[in-house]
Amino acid sequence: MRSDPLSVIEVAPEVVLLHGFAAPTDALDAAVEVVSAAAPFRQLKTPGGRPMSAFMTSCGACGWYSDARGYRYEPADPSTGKPWPAIPAVFAALARAAADAAGFGVFEPDTCLINRYVPSAQMGAHRDADERDFSQPIVSVTLGTAATFLWYGLERRGSPLRIRLFPGDVLVWGGAARKGYHAVRKPEGGTRYNLTFRKAL
Ligand code: MD6
Ligand code: FE
């Protein structure tokens, strides 16, 4: 991990892009393999019953989950009944360093959601709102291939800011932006992985 981001850009109030902060990504890519060997990627369904296009898994003290019972954090992987794998040390170090470099101070995530976007997968506009503590930022890491991230801000209307995220880029949002609406376009030609670190409990 770089201790000196190539650049620190506040792309919107309290939304900070750390370009190249997680590059090179080899150790992170390897840790994704370790986590997904224990807790395989799966296609979750929305509470309304539609399959999400991104495949997901989690690590940490709890993992984000969705099915007919709603969006929530689960202490164990419902597909195996086993606890989620631990957050790899290389993940935790990156998340802490990124929050600090972005100006959000001390961050101790208790969960990391890993998303895998095949070329046809995307994520519609939403905000991350299933956590208990909104004083903590979100740290989002792009691996694999690039994609365009859309930032709407606190209301889901108007034309969003478009941010191209490359492998190794880290986007951090917090403070008043913590409940901002965002979306992700289809990846550019390959498979994109996204690590989303949160303090959920
Ligand atoms: C991204 N991901 O993939 C941003 N939010 O760049 C998200 O906003 C996100 O991947 C909630 C759950 C999963 C996600
Ligand atoms: Fe999100």
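Taken together, the values in this text are just the output of simple stated rules run on the coordinates, not laboratory data. None of the values given here were measured: they were computed from a predicted structure. Every residue, glycine as well, gets a Cβ built from its backbone with ideal geometry; the counts of neighbours run over all protein chains shown.
The set of residues in the range 61-97 that are touching a residue at least 40 places away in the same chain (Cβ under 8 Å), within 29 Å of G190 (Cβ to Cβ) and within 16 Å of ligand 2 (Cβ to nearest atom) comprises G63, W64, Y71, A95.
Just need a number here: residues in the range 33-53 that are part of a loop (DSSP other than H, G, I, E, B), farther than 18 Å from G144 by Cα and not basic (K, R).
Keep residues of the range 33-53 that are part of a loop (DSSP other than H, G, I, E, B), which gives 39-41, 43-44, 46-50, 52-53.
With farther than 18 Å from G144 by Cα added as a condition, the list becomes 39, 43-44, 46-50, 52.
When the remaining residues are screened for being not basic (K, R), the result is 39, 43-44, 46-49, 52.
Going through the range 33-53 one residue at a time, the tally reaches 8.
Among the residues of the range 159-189, those that are more than 15 Å from ligand 2 (Cβ to nearest atom) and of a type in the set (G, A, S) comprise S159, G168, G175, A176, G189. Restricting attention to the range 177-193 and to residues that are under 14 Å from the mean Cα position of the chain (by Cα) and under 10 Å from T145 (Cα atoms), the residue that is surrounded by the most Cβ atoms within 10 Å (Cβ to Cβ) turns out to be R192.
Tell me, which residue of the range 115-158 that is at positive phi and either part of a strand (DSSP E or B) or under 14 Å from the mean Cα position of the chain (by Cα) (or both) is nearest to ligand 2 (Cβ to nearest atom)?
Initially, the range 115-158 is screened for residues at positive phi, giving 144, 153, 158.
Filter once more, so that each one left must be either part of a strand (DSSP E or B) or under 14 Å from the mean Cα position of the chain (by Cα) (or both): 144, 153.
Numbers: G144: 17, G153: 14 Å.
Across the range 115-158, the extreme among qualifying residues is G153.
Applying the selection to the range 101-142, what residues are aromatic (F, W, Y) and surrounded by fewer than 19 Cβ atoms within 10 Å (Cβ to Cβ)?
So in the range 101-142, the residues aromatic (F, W, Y) come out as 104, 107, 117, 134.
Listed by number, the list holds a single entry, F134.
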